[in-house]
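Everything below concerns the one structure shown next.
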Amino acid sequence: MQLMSEKGAAGGGLRERKKRATRAALAEAAVRLAAEHGAEKVTVEAISAAAGVSVRTFFNYFESRDDAFVVIDADAGARMRRAVLDAPADLSPLAALREAMAAELAEAEQQHELWRLHAQVLHASPHLLARGVGAHMAAEADLADVIAVRLRGDGGTGGTGPGLYPRLLAAVAGAAVRTSMDHWSAHQEEAAFLDVFHEVFTLLAAGLPAPSA
């Protein structure tokens, strides 16, 4: 879940909002250029020019050219983890995670084309796909850690690892997002994306009962 909504960003001043907008513009330019020309033919200079910034500015946000193709919004994971920790205590871990993800996916329908292009770029380049999978696994592990902290209620000061339940919940939630997006992409005329997303999480919360015949 590398593409996230800027609307879901945590608070911050004008400077922080401008930084997020610049990073988003660079990432979008990189993905669009790579989708059109192939990632291996896209230069940092071309990405910077398309985003209207200098090459020096590019390297303020990304360590390498490939990072711009793979990590679209590096702050999304931190925002989501903070939201899980800050969710009301009476929410179940699944509900807290659902609300955190829904906030990040609020503009998924508007971002759909970019999501599609991003997947296209990664699948066209084995080394980028491998990096994307690695980034996803790292984000999932970080999310499991936060779920474990919420369950323990110790602010992260106790425990030695996330355990089975947090790992499973983080993995299932990621699969739920992908399933929601795949289903919505094929049935866009039937329901809004967030409606599909919430239906998927309702099924998870109910224990995935078999549908009636």
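Looking only at region 1-57, residues that are surrounded by 15 or more Cβ atoms within 10 Å (Cβ to Cβ), outside any helix (DSSP H, G or I) and at pLDDT 95 or above come to 2 in all. The set of residues in region 58-84 that are open to solvent by 20 Å² or more (accessible area, probe 1.4 Å), assigned to a helix (DSSP H, G or I) and among the hydrophobic types (A, V, I, L, M, F, W, C) comprises 59, 78, 83. Screening region 106-202 for helices (runs of 4 or more DSSP H) wholly inside it with 3 or more residues that are open to solvent by 70 Å² or more (accessible area, probe 1.4 Å), at pLDDT 90 or above and out of contact with any strand residue (DSSP E or B) (no Cβ under 7 Å at 6 or more places or on another chain) returns the ranges 126-152, 164-186.
A Cβ distance below 8 Å, combined with a sequence gap of six or more or placement on separate chains, defines the contacts here; from region 19-32, residues that are without any contact (Cβ under 8 Å) to a residue 40 or more places away in the chain reach residues that are surrounded by fewer than 18 Cβ atoms within 10 Å (Cβ to Cβ) and part of a helix (DSSP H, G or I) in the pairs 21/6; 22/57; 29/50.
When you scan region 95-104, do you find a residue that is at negative phi and loosely packed, with under 13 Cβ neighbours inside 10 Å, even just one? The answer is no; no qualifying residue exists.
The values are calculated or read from the model by the stated rules, or taken from the named source; none is laboratory data. These figures come from a predicted structure and were not determined experimentally. Don't worry about glycine lacking a Cβ; one is built from the backbone with ideal geometry, like all the others, and counts go over all protein chains shown. These area figures cover heavy atoms from the full protein model, side chains too; ligands, DNA and RNA do not enter into them. Shrake-Rupley method; radii C 1.70, N 1.55, O 1.52, S 1.80 Å.
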